[in-house]
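Colleague: Quick one: the structure is below, and I'll ask about it shortly.
The values are calculated or read from the model by the stated rules, or taken from the named source; none is laboratory data. Everything numeric in this text was worked out from a predicted model, so none of it was measured. Because the Cβ atoms are built from the backbone with ideal geometry, glycine has one as well, and the counts that use them run over all protein chains shown.
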Amino acid sequence: MASSSIFGAAGRALKHPVYRRYMIGHTLSATGRWMKRTAVGWLAWELTHSATWLGIVAFADLLPMMLFVILSGAIADRVGLMRIVKLSQILSGLISFVFAALVFTDLITIEAIVVLSVCFGAAEALSQPARMAAVHDMVPREDLSAAIALGGATFNASRMVGPAIAGGLIIWTNTGVVLTLCGVIFFGFYFLLRTIELAESGTRRKLSLELFVDVWRGMQYVYGHTSICFLITLMVAVSLFIRPIMELMSGVSGEIFDAGPVGLSLLLGSIGAGALLSSLWLARRGELAGLTKLVTLSILGCGLALMLAMTFGQLWLAMVFLMVLGGFMLIGNVGAQSLIQNTVDSHIRARVLSLFIVFAHGLPAVGALLIGWIASHAGLQVTLAGSGLALAIVWLWARVRTAKMVAILEKTDSD
């Protein structure tokens, strides 16, 4: 039986050699990213035992997603997607090696962690719109939804594998070893990218102050597009109320479950496992019909799953509900991205994706800072359970608007 029959739409996407090779590197880089986040989060917890500091570190790591990624989308449109991704991998690798050196020499401080987290976040922000937009030049449009979901599958496989590797290495060695390995992985992706020739759509232009005009036009486009605004509003809610749990998981493991680095790996791995299963399902499904309703349903699923995970105080129950949480988070994120890419005009795609990244991946910095501060007064368990309730309320607002969005977001060329 052909692979495309076995794996559905995902099999068709993987038939394209450039996309297949790119996904190998993407998976390696994403694994390194989660290993780095796990190691740095545990290092910050060991130094401070403070949920507030965990929130600050997470804010420092994700802040560039809010401040810089908007410009990086316009930059990628002008100078070339692959050039930007290559540069980001070099910078990420160098920063990881600096992190490791400070750990090995016992010079690491919480202040140094914050500064280096800002630098690492900036390197990541530089490449995010380019990575997303590059998929359009690797697969035909009929395979785009599956390719995006498959990218989510590999990312979330790394979300499960990365923390597990990092947790094991922290137990048997130390965080310095983890961070060194992360640097090696990032440079590995860079060398793989050097073997990829991509015929990118669009024309290259020089960097100039017109970048800011490009950004403003992208904002106007999103603001004037009701259905894209609807999706981004849902992503804002998830970013503020749900996503911060990833950045605060060291505190969740240590304070709520008293499980140390082993619990940290298990909890993060559970989220990754649920996300992986959902992304594989979406990749095989590979169609837009019904995706808008699934995105709205994911909002309710995330809220209920987080509330239940924090309610009982049992590690194994939390793992089950966090697996469900990871699945719904993935459906919402990948579904919203697929719908936006299906709807947005091609000439402005990278800039719209950069705004999507700000709200879906950068705004959790604000959420982590806010949730961390509240948790320092009310406790992590109560605070996170309340966040889940808040998202369930957002679902009540979204469900009555979903039907109107379907016709716009799920429109195909034949409509």
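Colleague: Can you name the residue in segment 237-257 that is of a type in the set (D, E, K, R) and assigned to a helix (DSSP H, G or I) and is also surrounded by the fewest Cβ atoms within 10 Å (Cβ to Cβ) among such residues?
Modeller: Glu255
Colleague: If the requirement is being assigned to a helix (DSSP H, G or I), surrounded by fewer than 20 Cβ atoms within 10 Å (Cβ to Cβ) and at pLDDT 85 or above, which of these qualifies: Leu234, Leu308?
Modeller: The match here is Leu308.
Colleague: Pick out, from segment 350-414, the helices (runs of 4 or more DSSP H) lying fully within it that include 2 or more residues that are among the hydrophobic types (A, V, I, L, M, F, W, C), within 19 Å of the chain's Cα centre (by Cα) and within 22 Å of Leu63 (Cα to Cα).
Modeller: Correct list: 364-378.
Colleague: Okay, moving on. Within segment 36-79, how many residues are on the phi > 0 side of the Ramachandran plot and assigned to a helix (DSSP H, G or I)?
Modeller: Total satisfying the criteria: 0.
Colleague: How many residues, within segment 365-382, are out of contact with any Phe, Trp or Tyr (no Cβ under 9 Å at 6 or more places or on another chain) and buried (at least 22 other Cβ atoms within 10 Å of the Cβ)?
Modeller: 2
Colleague: For residues that are over 15 Å from the mean Cα position of the chain (by Cα) and among the basic types (Lys, Arg), scanning just segment 8-35, find the one that is modelled with the lowest pLDDT.
Modeller: Selected residue: Arg12.
Colleague: I've got another one for you. Just name the residue that is farthest from Leu54 (Cα to Cα) out of those in segment 97-127 that are surrounded by fewer than 21 Cβ atoms within 10 Å (Cβ to Cβ) and of a type in the set (Asp, Glu).
Modeller: Checking each candidate, the answer is Asp106.
Colleague: Follow-up question, since we're still on this one. Can you work out which of the residues in segment 274-293 that are in a helix (DSSP H, G or I) and surrounded by fewer than 21 Cβ atoms within 10 Å (Cβ to Cβ) is modelled with the highest pLDDT?
Modeller: Lys293
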